[in-house]
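Worksheet: one structure, shown below.
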Amino acid sequence: MSSAPFQPTCTTRVIALTLIAVMGLHAVPVFAQTVPSPGGAPGVDAAPRALEQAAALKREGNEALGALRPADAIAAYRKAYALSPEPALHYNMGHALEALGDYPGALSEYEEFGRVAPPELRARVPRLAELISEVRARVTVVTFRCNVPGARVLVRDVAVGATGPDGRFTRAFPAGPATFEVAADGYAAERQQATFAPGGEATFDVALVTRSTAGVLRVTTTPVAGDVFVDDKPLGRAPVEVTVAAGAHRILVRRSGVRDTATQAVVDVGDTKEVTVDLETTPPIYAQWWFWTGVAVVVAGGVAVTYAALKERAADTGSMPPGQTTPLTYRF
């Protein structure tokens, strides 16, 4: 017997799983049918036994997902897929990975389900395109272009792969702030901060320099810490240290409420250049004594003009009658 696929939206899927756990139900938003492996039976006796094990593992995964244990669910689903690679398991694994917050992994599984599922199985998920779109909105496809093939790529301090023969590496990552690093033997590592835009694509060019032609640049700020950019690359909040090619480099420091400060530094091969940037903590214009003196002069010369300029505009009138609210609609 099979159960129909669950169809919640991204914003309500966790709520749905919670309701399942609280109500003590065994049904979960996944497929439950078992189909023979398309790769053929490994043996007369082994095939039925493998299918039985796969079915048991699938049930185990369903129960784990219903109990809000997506990590256990994905482990069981993957074991089941190794025994019987049925297309429906891609859909189940997508749900488990989405519950874990692994949106790139969930997106890959949902897309694979759409690619390999037979028409009758695919028809049971009429919202698949919408589901894929919702998950893709939480993901950024990032491409790193490096001058060194085989360079190691780390994102959020996790090794994710290496650049190919053409120096490129592309992968989907959860959107949001991130720190990435590209490194290779004999070269100084390049580390940057970035923000991966939701539902978009980003490309970062990284030029590694050999350690034999590089030096170290260390930047601090005073009297407050600021965000440091070296050669237009964001390095984070001071103090920062970066290995750069020997020669002159541009330094820019920014901080909210403080004027941007720019300078240059020359780094020699094998040396460490320390630069301290003095931030001009000038108060904002409305805190200056001469600003309010000017306002007083305007008031003395024309009260009506000042009143018109400072009077707050009335709020716009909305279209919803008083006392009414918009009901929340959940689709499960």
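None of the figures in this text is laboratory data; all of them are computed from the coordinates on show. Small disclaimer: the values here were computed from a predicted structure and weren't measured. So basically every Cβ, Gly included, is an ideal-geometry build from the backbone, and we count neighbours across all protein chains shown.
Projecting the Cα atoms of Ala184, Val153, Gly199 onto the charge dipole of the range 139-206 (Cβ charges, centred on the Cα centre) puts Gly199 farthest toward the positive pole. Using the Cβ-Cβ distance between Val158 and Val266 with R0 set to 41 Å, the FRET efficiency works out to roughly 0.70. With R₀ set to 22 Å, the beta-carbon distance separating Thr203 from Glu111 gives a calculated FRET efficiency near 0.50.
Partner aspartates and glutamates whose Cα lies under 18 Å from the Cα of Lys79, excluding those fewer than 8 positions away in the same chain, are identified as Glu52, Glu60, Glu63, Glu109, Glu112. Taking Lys and Arg as +1 and Asp and Glu as -1, the other residues whose beta-carbon sits under 14 Å from that of Val160 total +1.
Here the peptides 183-192, 95-104 are ranked by packing, the mean other Cβ count within 10 Å, and the order with the highest first is 95-104, 183-192. So if R0 is 30 Å, what FRET efficiency would Thr195 and Glu63 give, r being the distance between their Cβ atoms, rounded to the nearest 0.05? Between Thr195 and Glu63 the formula returns 0.20.
Determine the shape class of the range 50-134: with a ≥ b ≥ c the square roots of the Cα gyration tensor eigenvalues, call it rounded for a/c under 1.5, and otherwise prolate if a/b is greater than b/c, oblate otherwise. Oblate is the answer for the range 50-134, as a/c is 1.5 or above yet b/c matches or exceeds a/b.
Annotation: Cα Rg of the range 139-206 relative to the compact-globule expectation 2.2 N^0.38 Å equals 1.01. Taking a point 7 Å out from the Cα of Glu280 in the direction of its Cβ, the residues of the range 228-258 whose backbone N falls within less than 13 Å of it are 258. Modelled this way, with points 7 Å down the Cα-to-C-beta line, the labels at Glu241 and Val224 are 2.7 nm from one another.
Charge dipole of the range 211-278 (Cα centre as origin; +1 on each Lys and Arg Cβ, -1 on each Asp and Glu Cβ, all else neutral): 160 debye, rounded to the nearest 20.
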